[in-house]
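J.: To start, I am sharing the structure in question, which I have written as structure tokens.
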């Protein structure tokens with residue numbers, strides 16, 4: 001057992017204090033499997049236990065057995081909304097919040113609310129209920145999951161428009177799969193237990209085909225399995241369980257900069273596809289610095305593995321075996337796969353190989369060796385190419401050695417011991433190691449040993465030694481110098497890595513902070529564009545839809561020479577919600593790489609990045625960081641757009657209410673005076689009344705009084721409107 005994470009415990013305590021409602025989703029492949037029926041049965045069981053249960057909204061589709069389960073349960077009246085001369089019954093969220101039950105049933109989570117509702121989607125109503133601490137039972141079909149939308153369209157040929165974001169579904173405390181065999185479901189459809197009349201006939205001809213039902217059923221099973229797997233990982237992390245539970249296979253593939261690792265990735269892809277399991281490709285950064293070509297090769301392999309469907313990650317640690325085992329346990333990996341090592345080197349003969357150390361430490365995790373594709377010829381390594389020599393660093397090293405020699409000369413005249421003289425040289429070697437790197441530090445170590453022998457070891461001014469023990473001193477001094485150089489170089493690389501990570505964290509924080517300062521989509525796009533160009537050091541443009549066409553609205557697009565082809569790529573990215581362009585498998589001949597700003601509901605724009613000539617984002621970490629920038633911006637922009645839409649809806653409702661108020665006022669309060677004036681004018685126009693002065697005066701006086709009454713009503717109208725606002 002590992003020690004629990006204090007931050008996780010604190011977050012859990014805060015979450016419990018806030019008391020968010022519990023969400024349970026009754027999940028199925030298609031309509032008719034019995035999700036609503038099962039939900040009502042569960043609700044009746046909770047009611048028998050004494051729970052306060054309210055049926056907020058349930059669609060029975062006139063199924064008698066489903067309607068029978070509503071007996072004895074409290075029903076919330078639907079809210080009637082008039083839209084285009086049609087009255088639509090909707091879930092009344094205000095009445096539900098006022099009633100404040102312990103448990104509420106809200107059917108059809110993916111439903112789109114009628115215009116004029118508080119939220120455009122029903123899942124947003126459910127979110128508000130959960131925030132208020134109300135438990136919710138709801139139903140959902142797999143075709144309404146956002147991530148499954150494209151797959152469902154490919155299988156059935158039907159694009160489902162009503163979807164629920166996966167981020168919301170993942171918040172569910174429990175997902176219960178309600179399943180029926182395809183034959184049983186088709187039988188229920190023929191018996192009229194799914195749809196009635198023409199709707200049932202259309203469903204049987206199109207959506208409810210046997211092949212579609214089998215595919216959707218498998219998709220629902222996999223979606224539920226993934227959710228259960230996530231819950232298992234959360235449970236293990238929460239309870240600090242480090243032991244791997246072999247309930248579901250998950251491969252971890254460890255790669256190296258070797259070109260043969262590409263064959264290993266292909267082989268593991270075939271294994272994962274055959275078994276239908278998840279696989280992870282991991283690269284552990286070594287202590288020593290890699291050559292540029294090795295770095296590029298690792299980046300290409302990581303991108304290649306990601307395109308094949310693997311999850312990729314880069315780890316850092318001094319002990320590769322310890323780092324791999326720790327990560328494998330945290331991800332509940334059951335099998336670690338490595339490439340078959342070549343001939344053992346001298347270091348491996350004495351200290352053992354990584355595979356040997358993994359075999360001793362992996363415990364319940366299985367360890368496999370693969371050779372990859374046998375028909376491919378191995379690629380030979382080229383000798384390492386050293387970085388360009390720095391004469392400036394050599395100058396620093398010579399200066400430090402001279403300074404140490406002068407200090408040792410003074411100490412030698414004061415008859416200081418040889419140990420103290422050696423320590424002065426080691427101090428100089430340490431400083432050079434931190435200042436100039438490992439290579440110059442090793443040169444400094446050699447020079448310090450030679451000068452110590454030449455100046456301070458008898459016979460003086462000679463490289464010979466009078467005492468054989470000094471040879472051992474030289475060896476130890478040289479070994480300590482090399483060790484200091486190695487550790488200092490490692491520490492320097494770790495420091496650079498930490499600084500880079502800190503810079504990324506600062507940039508993400510700065511982006512989040514600046515995005516929170518504005519509620520206008522255009523301003524948010526400008527803020528994101530500024531941060532992306534500053535951090536990634538490249539040109540960027542943001543595309544948005546303008547009157548149905550994709551247009552470069554933000555960024556210096558004039559200097560990039562955007563052609564109609566580039567705009568077509570941006571439109572493709574917007575429509576298909578997938579990256580494309582340079583560095584991807586889709587339209588790689590484009591000048592830029594394009595990523596969609598994906599909101600919870602729909603894309604809100606497209607980001608185009610244009611690296612300098614010969615430079616492109618091939619590092620998966622850079623691509624993932626850019627995706628974090630894009631996703632964070634998309635959510636902020638979508639939130640601003642939803643807020644604007646909500647405000648617009650409120651204004652429309654208010655205008656409609658004032659219009660109705662005016663109509664009511666004119667139709668009731670003003671009708672009587674106007675009618676009286678009209679009747680009096682008609683009487684006045686009669687010849688007998690016109691010739692009679694008394695009658696004419698009486699009718700004119702009556703018209704005057706009714707006119708004053710009408711003026712008083714009109715004068716009071718602004719006060720009535722102001723009191724209603």
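Throughout, read-outs are computed from the coordinates displayed, never taken from laboratory work. This structure is a prediction, so every number in the text was calculated from the model and none was measured. Don't worry about glycine lacking a Cβ; one is built from the backbone with ideal geometry, like all the others, and counts go over all protein chains shown.
J.: Which of rounded, prolate or oblate describes the range 87-141 when judged by the alpha-carbon gyration tensor and an a/c cut-off of 1.5?
T.: Values: a/c = 1.80, a/b = 1.29, b/c = 1.39.
Oblate is the answer for the range 87-141, as a/c is 1.5 or above yet b/c matches or exceeds a/b.
J.: Taking a ≥ b ≥ c as the square roots of the eigenvalues of the Cα gyration tensor of the range 266-330, is the shape rounded (a/c under 1.5), prolate (a/b larger than b/c) or oblate?
T.: Details: a/c = 2.93, a/b = 1.32, b/c = 2.21.
Since a/c reaches 1.5 but b/c is at least a/b, the shape of the range 266-330 is classed as oblate.
J.: Here's something else I'd like to know. Once you sort the root eigenvalues of the Cα gyration tensor of the range 506-567 as a ≥ b ≥ c, which label holds: rounded (a/c under 1.5), prolate (a/b larger than b/c) or oblate (the other case)? All intermediate terms of the calculation are to be shown ahead of the outcome.
T.: Values: a/c = 3.35, a/b = 1.51, b/c = 2.22.
Oblate, since a/c reaches 1.5 and b/c is not below a/b.
J.: In percent, how large is the relative contact order of the range 264-318, given Cα pairs closer than 8 Å and 6 or more residues apart? Spell out each step's value before the answer.
T.: Details: 43 pairs, mean separation 26.9, N = 55.
Result for the range 264-318 is 49 percent.
J.: Additional query: Cβ neighbours within 10 Å, averaged per peptide: list 591-598, 413-420, 114-121, 673-680 in order, most packed at the top.
T.: Details: 591-598: 23.6, 413-420: 10.4, 114-121: 17.2, 673-680: 15.5.
In decreasing order of mean packing, 591-598, 413-420, 114-121, 673-680 become 591-598, 114-121, 673-680, 413-420.
J.: For the range 250-370, what does the relative contact order come out to in percent, with C-alpha contacts under 8 Å and a separation of six or more?
T.: Details: 156 pairs, mean separation 37.6, N = 121.
About 31 percent, as a whole number.
J.: Do you know the relative contact order of the range 499-641, to the nearest whole percent, from alpha carbon pairs under 8 angstrom that are 6+ apart?
T.: Details: 212 pairs, mean separation 35.0, N = 143.
It comes to 24 percent, rounded to a whole number.
J.: Just to be sure I understand the curve: with the Debye formula and one point per C-alpha of the range 392-491, what is log10 I(q)/I(0) at q = 0.19, 0.23 Å⁻¹?
T.: Result of the Debye calculation: -0.86, -1.17.
J.: Determine, for 446, 482, 461, the number of other Cβ atoms within 10 Å of each Cβ, and report the residues in order from fewest to most.
T.: Values: 446 12, 482 17, 461 6.
Ranking 446, 482, 461 by Cβ neighbours within 10 Å, fewest first, gives 461, 446, 482.
J.: Mind giving me the FRET efficiency for residue 249 and residue 370? R0 is 22 Å, r the Cβ-Cβ distance, nearest 0.05 is fine.
T.: Working: r = 16 Å, r/R0 = 0.71.
Efficiency for this residue pair is about 0.90.
J.: Where the convex hull is taken over the Cα atoms of the range 521-639, what is its projected area averaged over directions, in nm²? Could you put the intermediate results ahead of the total?
T.: Details: hull surface 27.3 nm².
With the hull built on Cα positions only, its mean projection is 6.8 nm².
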